[in-house]
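These notes concern the structure reproduced below.
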There are 2 protein chains.
Amino acid sequence: MPYFDAASSLPLHPVARQALLAALDEGWADPARLHREGRRARLLLDAAREAAAEAVGCRPDELSFTPSGTRALHTGIAGALAGRRRAGRTLVVSAVEHSAVLHAAQAHQADGGTVVEIPVDRAGRVSAETFGAGLRGTGGSGSPGDGTALACLQSANHEVGTEQPVAEVAERCAAAGVPLLVDAAQSLPWGPVPGGWSLLAASAHKWGGPGGVGLLVVRKGVRFAPPPPVDERESGRSPGFADLPAIVAAAASLRAVRAEADAEAVRLRALVDRVRARVPELVPDVEVVGDPVRRLPHLVTFSCLYVDGEALLHALDRAGFSVSSGSSCTSGTLTPSHVLRAMGVLSEGNIRVSLPPGTAGADVDAFLAVLPDVVREVRDRLAAPAASDPQPAGPPPAAPPEPGEAEPEEPREAAGAPSLTVDSLGKRCPVPVIELARVIGRVPVGGTVLLLADDEAARLDVPAWCGMRGHEYLGSDGHAHRVRRLV
Amino acid sequence: MPYFDAASSLPLHPVARQALLAALDEGWADPARLHREGRRARLLLDAAREAAAEAVGCRPDELSFTPSGTRALHTGIAGALAGRRRAGRTLVVSAVEHSAVLHAAQAHQADGGTVVEIPVDRAGRVSAETFGAGLRGTGGSGSPGDGTALACLQSANHEVGTEQPVAEVAERCAAAGVPLLVDAAQSLPWGPVPGGWSLLAASAHKWGGPGGVGLLVVRKGVRFAPPPPVDERESGRSPGFADLPAIVAAAASLRAVRAEADAEAVRLRALVDRVRARVPELVPDVEVVGDPVRRLPHLVTFSCLYVDGEALLHALDRAGFSVSSGSSCTSGTLTPSHVLRAMGVLSEGNIRVSLPPGTAGADVDAFLAVLPDVVREVRDRLAAPAASDPQPAGPPPAAPPEPGEAEPEEPREAAGAPSLTVDSLGKRCPVPVIELARVIGRVPVGGTVLLLADDEAARLDVPAWCGMRGHEYLGSDGHAHRVRRLV
């Protein structure tokens, strides 16, 4: 039964299991104690720290073990902000950071701080130039205390796989005198993070280590004041008695995973390329998202028009494939993934496939074999417009216009082209888009449809649909979205 | 090799190991995911929560798993203080709480809050009456916002084993409308905490579960606002991906330990009674501390005059016994344990013996057999006064006077009795007390010794020595301690 949700969590790596079992007998005592059981535990902890530091590329005394990647991010952000309090209270983050970073940013804002969010392009990538421009240096103009205390950038995105220009951004941060915290949760198993970053966070269960172990690295010389309360453990950066056998297993498996990383990256990259190429051929009305080249080797994400992400997920689960989704209907809050939103891409019918190391090509082929039928069934259940449906009152679909290429709007509006209103209020993704697609043919080319939809996803999916089908999104006023038929 | 530091951490219980191994295969996925691996993990998590809640005596939805007992305390205290912000900003704690509670109290104080510390008697026990008087009710007099937001009391002390009157204190808290948080880390393996507490924290590695698992219970109806940043895990009370196999093992072992608790408590209580009775017979100049009756079954603490705690600890370690110490020389800060300080008892040569379940009587006897020689050797190395030494210029030692029983001070002072000054500045515990004991015989009965000592422990140990040897402690002025020879 293929598990394609590696980016969420991985089964324990055999080396992790072996190390965990070996450490159970020696690693239960308090490493702060002076007796032999304590000293034995301390030796294990020191060895694990050295192994992890070597894999990260830092000094052992720069690395603390935390109870999770999330806690590493929370502590790292709070500690760097507090340590740089005098430089200013501005936190700069990319718009596609992990929710743990964004939650920490919200907490900072609630505490009176300022958060600057750096946008990404449609591939989910920040521009180093834009990121640099978002920093308020502390050495130049502006009053002291007005500067950027910290910048955060992931090494690669967890939902769409896009790699960020960390080294370039680190250079700009260094020039501005701003420390850069890198969330390396997704990329650390594949190799060290390049460039002159200041802080780094990661999570062991993303590389086949146990849950409950994160890494927080704070480079020497970075001002850091860990959020209270603190205790004497882990350089004062992670209070509480840790799970030492899990830490030992985490460090051992990081080394093991790294030893296989280069070869495995090549293999999985080819499998992902296969998915990226074949899915749009096999399934109509699909958008493959994320940077096609500068990406994690093992992860691909696509969205299917007219599909309920949760239904798709369950159908794939029944077919034996475990995947993940950023669609609004699969989240507790009924809002689409903030990553897809920041990219401005389709969110309905969203599927993330992330391959664990060792995934067989045959499993990927099996997935590609079942996917078209699974999507078709979900679409049929929702009575979605068939991809091959001729648009009832128009010519066949044309390529979507490039931004700015659309013909001027005023003349057609002025011509008083007929319009139609569709009430999808109270209906959830993907129904509003399906209802829009069903009626667009009823207005002539140049006519407009007013779609009333209060589902959060509509704000993202209606424009995305327009782009995919070659229509023009005229904007929204509250819950009213205006679409002009172009083809 | 007997390990007598159960109160610090226990080896993995066989049931914990078994449950951990069983859960490794099913418990690695994210329980928040909808696919089968996620659902399987969710089932394990739900079952562990039910088992733990049953052992605690609460509803499953009142219980969150945290990464440690320390984090449970930190979150519990911060969340209750924030939730009760409108009632006031006063936090009431006993003086002998675990450092995790005191660190949280310091953080509250640094944030502008008020902390009231309730003293304990020489046995380390709070009086319910004193505790109740320390609460500032929110229903009665005093302006709103001036009241006590939260009170914290441990169920039993981790250093001396004394049980606290939790149920009585909970009644007084309820009467004052103040929630009570109970740190149950030491007692939970022995049974549920009685009484109407509002919040409870505990730690799995104290009962033979793995490290990295704590419990935080927040009763329904208790106002609680978890400290940000939060995420959707564990009712918003513990962010980050947890170590699910460890949680499963923690819950399973709590049940297993509880099943054996009553019988084991009787057995260990008898062994501890043996230590309590025999140590003062076997070793001269020893003070056994903590409540002799209202105490944890497995824990006993005593302090030896004229002994360096760290040396004693290492000597016992070489003899094969792992114990713990609250002496200043065994702490990183060179201050004696805050618990011993609050009790006002001797801190030098302090040894805590805490027996793991299953400890054999023969191991305790072996400990009692080696202890006298070990203490003697350490004392010899420090050239400590022998217990049987006649005081060179005085009568044999008498029983120490009861407080208030000492004869009036003025007449003797007025008589201009000879005095002597000893300079122990810069010398560490137990040297100042040893130097005091060496010279006391050089002044006649009624004469005084002025001991200059800047070691933190002297403030505690000089008065304690006076009490044990029947002399009078006249007080201190900075680093100058005045002692009158009485016997």
- [ ] May I ask you to say which residue of A:Ser68, A:Ser8 is crowded, with 22+ Cβ neighbours inside 10 Å, facing another protein chain (nearest Cβ under 10 Å) and closer than 19 Å to A:Glu234 by Cα?
- [x] A:Ser68
Task: Selected residue (criterion: nearest to B:Glu163 (Cα to Cα)) from residues of segment B:266-287 that are crowded, with 17+ Cβ neighbours inside 10 Å and β-branched (Val, Ile, Thr) - done: B:Val272
Open item on the list: When you check B:Glu37 against the structure, is it within 13 Å of chain A (Cβ to nearest Cβ), in contact with a strand residue (DSSP E or B) (Cβ under 6 Å, 6 or more places away or on another chain) and surrounded by fewer than 24 Cβ atoms within 10 Å (Cβ to Cβ), yes or no?
Closed with: yes
Task: Those residues of segment A:217-247 which are among the hydrophobic types (A, V, I, L, M, F, W, C) and within 11 Å of another protein chain (Cβ to nearest Cβ), in sequence order - done: A:Val230, A:Phe241, A:Ala242, A:Leu244, A:Ala246, A:Ile247
Open item on the list: For the structure I just gave you, tell me whether B:Gln154 is modelled with pLDDT of 95 or more, under 23 Å from B:Ser127 (Cα atoms), in contact with a helix residue (DSSP H, G or I) (Cβ under 9 Å, 6 or more places away or on another chain) and within 14 Å of chain A (Cβ to nearest Cβ).
Closed with: no
Task: Sole exception among (1) among the aliphatic types (A, V, I, L, M); (2) surrounded by fewer than 23 Cβ atoms within 10 Å (Cβ to Cβ); (3) out of contact with any Gly (no Cβ under 7 Å at 6 or more places or on another chain) for B:Ile77, by number - done: (2)
TODO: Give just the number: which of (1) within 14 Å of another protein chain (Cβ to nearest Cβ); (2) in contact with a strand residue (DSSP E or B) (Cβ under 9 Å, 6 or more places away or on another chain) does A:Ser253 not satisfy?
DONE: (2)
TODO: Kindly indicate the residue of segment B:185-216 that is within 14 Å of another protein chain (Cβ to nearest Cβ) and farther than 20 Å from B:His74 by Cβ and also farthest from the chain's Cα centre (by Cα) among those meeting that condition.
DONE: B:Gly208
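Yes or no, residue by residue, for (1) part of a loop (DSSP other than H, G, I, E, B); (2) within 28 Å of B:Asp243 (Cβ to Cβ):
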{"residue": "A:Ala170", "(1), (2)": "no, no"}
{"residue": "A:Val182", "(1), (2)": "no, yes"}
{"residue": "A:Trp197", "(1), (2)": "yes, yes"}
{"residue": "A:Ala201", "(1), (2)": "no, yes"}
{"residue": "A:Lys220", "(1), (2)": "yes, no"}
Open item on the list: Condition first: part of a helix (DSSP H, G or I), within 12 Å of another protein chain (Cβ to nearest Cβ) and of a type in the set (D, E, K, R). Now tell me which residues in segment A:316-357 satisfy that.
Closed with: A:Asp317, A:Arg318
TODO: Kindly indicate which of A:Ala110, A:Ala87, A:Ala128 is out of contact with any His (no Cβ under 9 Å at 6 or more places or on another chain), within 12 Å of chain B (Cβ to nearest Cβ) and not polar (S, T, N, Q).
DONE: A:Ala110
- [ ] Could you grab me the full set of residues in segment A:423-474 that are farther than 15 Å from A:Arg379 by Cβ, small (Gly, Ala, Ser) and over 25 Å from the mean Cα position of the chain (by Cα)?
- [x] A:Ser424, A:Gly426, A:Gly441, A:Gly446, A:Gly447, A:Ala453, A:Gly470
Task: Hits in segment B:302-317 (condition: surrounded by fewer than 24 Cβ atoms within 10 Å (Cβ to Cβ) and without any contact (Cβ under 8 Å) to a residue 40 or more places away in the chain) - done: B:Glu310, B:His314, B:Asp317
Open item on the list: Looking at the structure I just gave you, is B:Leu313 in contact with a Leu (Cβ under 7 Å, 6 or more places away or on another chain), assigned to a helix (DSSP H, G or I) and within 14 Å of another protein chain (Cβ to nearest Cβ)?
Closed with: yes
TODO: Could you tell me whether segment A:393-404 includes any residue that is within 15 Å of A:Leu305 (Cβ to Cβ), surrounded by fewer than 21 Cβ atoms within 10 Å (Cβ to Cβ) and at pLDDT below 95?
DONE: yes
Open item on the list: As an exercise: evaluate A:Ser235 against (1) assigned to a helix (DSSP H, G or I); (2) in contact with a Phe, Trp or Tyr (Cβ under 7 Å, 6 or more places away or on another chain); (3) polar (S, T, N, Q) and give the number of the one condition it does not meet.
Closed with: (2)
Task: Set B:Ala53, B:Ala19, B:Ala32, B:Ala48: member being of a type in the set (Gly, Ala, Ser), more than 11 Å from chain A (Cβ to nearest Cβ), touching a helix residue (DSSP H, G or I) at 6+ places or on another chain (Cβ under 8 Å) and surrounded by fewer than 21 Cβ atoms within 10 Å (Cβ to Cβ) - done: B:Ala53
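The values are calculated or read from the model by the stated rules, or taken from the named source; none is laboratory data. Given the structure is predicted, the values throughout are model-derived calculations rather than measurements. Every residue, glycine among them, receives a Cβ derived from its backbone with ideal geometry; neighbour counts consider all protein chains shown.
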